[in-house]
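What follows is a set of notes on a single structure, which appears directly below.
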Protein chains: 2
Amino acid sequence: MNQQNPKLTPRKGPKRNLFAHVVENLGKRIVTGELNPSVPFPKEADLGREFGASRSVIREAVKALAARGMIESQTKTGIRVLEAMHWNLLDAEVLNWRYSTMPQAQFYGELFEIRLMIEPQAAAFAAKRGTIQEIALIGEAFEAMTHAGMNKVSGIDADLLFHRSILAASHNPLLLQMGNLIAVGLYIAHKISSESFVVFLPKHKAVYDAIKRRDAVAAHDSMEHLLSETREFMNQHIKTIPAHA
Amino acid sequence: MNQQNPKLTPRKGPKRNLFAHVVENLGKRIVTGELNPSVPFPKEADLGREFGASRSVIREAVKALAARGMIESQTKTGIRVLEAMHWNLLDAEVLNWRYSTMPQAQFYGELFEIRLMIEPQAAAFAAKRGTIQEIALIGEAFEAMTHAGMNKVSGIDADLLFHRSILAASHNPLLLQMGNLIAVGLYIAHKISSESFVVFLPKHKAVYDAIKRRDAVAAHDSMEHLLSETREFMNQHIKTIPAHA
DNA sequence: TATTACCTTATTATCTGATAATATAACAGT
DNA sequence: ACTGTTATATTATCAGATAATAAGGTAATA
């Protein structure tokens, strides 16, 4: 009965998906530190008033954030933000919230540090353990990259698929979790420089070839090389880009 | 009004925390594959009947699982389980569900592969970037380990704190996420062999000393050594243990 | 036959207004 | 100062609505 008035929310306002809107709004406020463990968190009733949402929606949103380790809710005590060390930073949404509220270079730096720890070893595992079918999927992703040309979206998709296929071929389910991280990384990379993945096609091929011929050491090193070069390339371009949207 | 009857749930039954019980029950059924993308997921109404819970509780539980990437819910379509690649496997709860429903050795193997990728480099970063205060915390955690003696719980706590402090000193927030993974790993390790962390005290000290003297290479190598030795030790003991509880 | 437009329906999304449980705070008694 | 009791604010759960939406069926049309 509250937010329905079209004059109050004339356009662009969160019409449907109230739940998602509340989650995103609170999530972003938490990652920016506007809501933090030290300040009192709004009560369910306050949130309902603020968003013009019923208590059900608010409670569901609170549970969704709690499942990501960002808040905790207790009878009588109310809701409170947890320390950042408890957050599920590899969750796709949390990654996006952080990305959209952090200095681009810093976020990108964090991302690549992890990728450099994970992906070379994952490539080595893929070379050692990947089935023929799994390795064929890596090849298909590479083919898709070559055919994407300058098409940005399909380029990102293919690039992401390439890296995800390697994680899948490594036969460690925990590694697949890193896919989200790579996805955000690629999104940023292509935003910074759309031709980046064309430039690095040969280096992707080197990784694929190494995996295909079961050369774990070469797979490791070529992946490490690809990532280092990409990071270097981005560091040179990132300063030319103003603060992102 | 349904499950309240004390005769139906005489003891041990999920009296309070209905929400947590539903989340855990569904979560475990999903990780075991009993509920998977191919089979139709129960509707909200069915779940409410099964758990003797109101729709509110069911919906909140669904949102909590959806936030972990395990299910998706859509009007008219209903709920469906997502492919495992979308799950937040590093979430503390998901880790526990998987641990309690997987062969111990396999789970432990997955875990240590990741730890070996992450922690040596994290130790190197800690040596390079850690503040004096952060490194002091690592030292305190080590002291706590030495004083824990054979006290299992405080030993695990101190051990976990030791590794977490190193992650924190690495100054990459994404690495802190790995803390959950280490926590489960330590829990299993001490279950397999309670004296393990006494045996490895000197190797922990080596890591701490290297970080304290800002020797990144030594920090990396000593952490790698500690983890490799621990894994080896566990592999020798793990077969003597029957399937866990 | 194939395609499009419309209608029906099952299911989740949201709202409203209750009662119950519980942790903090205030208070009283020693 | 300490300990036990009571009040109160807040979340937890319940119950029963209406609204929105996507899937499937049906009919009109080319």
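The values are calculated or read from the model by the stated rules, or taken from the named source; none is laboratory data. The structure displayed is predicted, hence computed values, not measured ones. All Cβ positions, even for glycine, are placed from backbone atoms using ideal geometry, and neighbour counts span all protein chains on display. To get the accessible areas, we keep the full protein, side chains included, count just its heavy atoms, and leave off ligands, DNA and RNA. Shrake-Rupley method; radii C 1.70, N 1.55, O 1.52, S 1.80 Å.
Annotation: for a label point projected 7 angstrom from Cα along Cα→Cβ of residue B:102, residues of the stretch B:155-195 with backbone N closer than 15 Å are B:180-189.
The residues of the stretch B:18-86 expose on average 48 square angstrom of accessible surface per residue, using a 1.4 Å probe on protein heavy atoms. For the chain pair B and A, the interface hides roughly 3200 square angstrom of accessible area in total, found with a 1.4 Å probe.
Decide, for the stretch B:104-245, between rounded, prolate and oblate: order the square roots of the alpha carbon gyration tensor eigenvalues as a ≥ b ≥ c, take rounded if a/c falls under 1.5, and otherwise choose prolate if a/b is larger than b/c, else oblate. Since a/c reaches 1.5 and a/b is larger than b/c, the shape of the stretch B:104-245 is classed as prolate.
Along the stretch A:83-95 the Karplus relation, 6.51 cos²θ - 1.76 cosθ + 1.60 evaluated at θ = phi - 60°, assigns HN-Hα couplings of 4, 4, 5, 8, 5, 7, 5, 8, 5, 4, 5, 4, 4 Hz to successive residues, with x for each Gly and Pro.
With a threshold of 27 Å on the Cα-Cα distance, the over-threshold entries among A:191/B:128; A:212/B:203; B:28/B:76; A:203/B:203 are A:191/B:128; A:212/B:203; A:203/B:203. Per residue, the solvent-accessible area of the stretch A:104-238 (1.4 Å probe, heavy atoms of protein chains only, all protein chains present) comes to 38 Å². Once backbone amide H atoms are built at 1.01 Å from N, residue A:78 has no partners under 5 Å, excluding neighbours fewer than 5 places away on the same chain. Dipole check for the stretch B:102-238: with +1 at the C-beta of Lys and Arg, -1 at the C-beta of Asp and Glu, and the Cα centre as origin, the magnitude is about 200 Debye. In degrees from 0 to 90, rounded to the nearest 10, what is the angle of the helix A:55-67 Cα long axis to the longest principal axis of chain A? Around 40 degrees separate the two axes. From the alpha carbon centroid of the stretch B:14-79 to that of the stretch B:111-175 is 36 Å.
Using a probe radius of 1.4 angstrom, the carbon and sulfur fraction of the accessible surface of the stretch B:9-148 is 53%. Interface residues of the stretch B:100-144, defined as those losing at least 40 Å² of solvent-accessible heavy-atom surface relative to the isolated chain (probe radius 1.4 Å), are listed as B:110, B:113, B:114, B:117.
Amide H to amide H, with H built 1.01 Å from N, residue A:71 comes under 5 Å of A:66, A:82, counting only residues 5 or more places away or on other chains. With contacts taken as Cα pairs under 8 Å and at least 6 residues apart, the stretch B:39-151 reaches a relative contact order of 14 percent. For chain A, the longest principal axis of the C-alpha atoms and the axis of helix A:132-148 are separated by about 80°. Seen against the Cα atoms of chain A and their longest principal axis, helix A:201-212 is set at about 70 degrees. For the stretch A:186-224, list residues with backbone N below 15 Å from a point placed 7 Å from the Cα of residue A:146 toward its Cβ? Correct set: A:198-210, A:212. Peptide A:57-68 shows a mean partner chain C-beta count of 6 within 10 Å per residue C-beta. May I ask for the longest run of chain A untouched by GluC sites (Glu not before Pro) that are loop-located per DSSP and have at most 15 neighbouring C-beta atoms (other than their own) within 10 Å? So the longest stretch without any such site is A:84-194.
Rounded if a/c is under 1.5, else prolate if a/b is larger than b/c, else oblate: which is chain B, with a ≥ b ≥ c the root eigenvalues of its Cα gyration tensor? Taking the square roots of the gyration eigenvalues as a ≥ b ≥ c, chain B is prolate.
Using a simple spin-label model with pseudo-atoms 7 Å out from Cα toward Cβ, residue B:50 and residue A:217 lie 5.2 nm apart.
In chain A, a dipole from Cβ-located charges (positive for Lys and Arg, negative for Asp and Glu) runs towards its positive end, and of A:146, A:61, A:160 it is A:61 whose Cα lies farthest in that direction.
For residue A:236 and residue A:39, a Förster radius of 25 Å and the Cβ-Cβ distance give a FRET efficiency of 0.05, rounded to the nearest 0.05.
When you filter the trypsin sites (Lys or Arg not before Pro) in the stretch B:33-101 for DSSP loop state and at most 12 other Cβ atoms inside 10 Å of their Cβ, you are left with B:43, B:76.
For the stretch B:200-238, trypsin sites (Lys or Arg not before Pro) meeting the loop criterion (DSSP other than H, G, I, E, B) and having at most 14 other Cβ atoms within 10 Å: B:213, B:214.
The charge dipole of the stretch B:18-86, taken about its Cα centre with unit charges on the Cβ of Lys, Arg, Asp and Glu (plus for the first two, minus for the last two), comes to roughly 160 debye. Note: relative contact order over chain B, using C-alpha pairs below 8 Å and six or more positions apart, is 19 percent.
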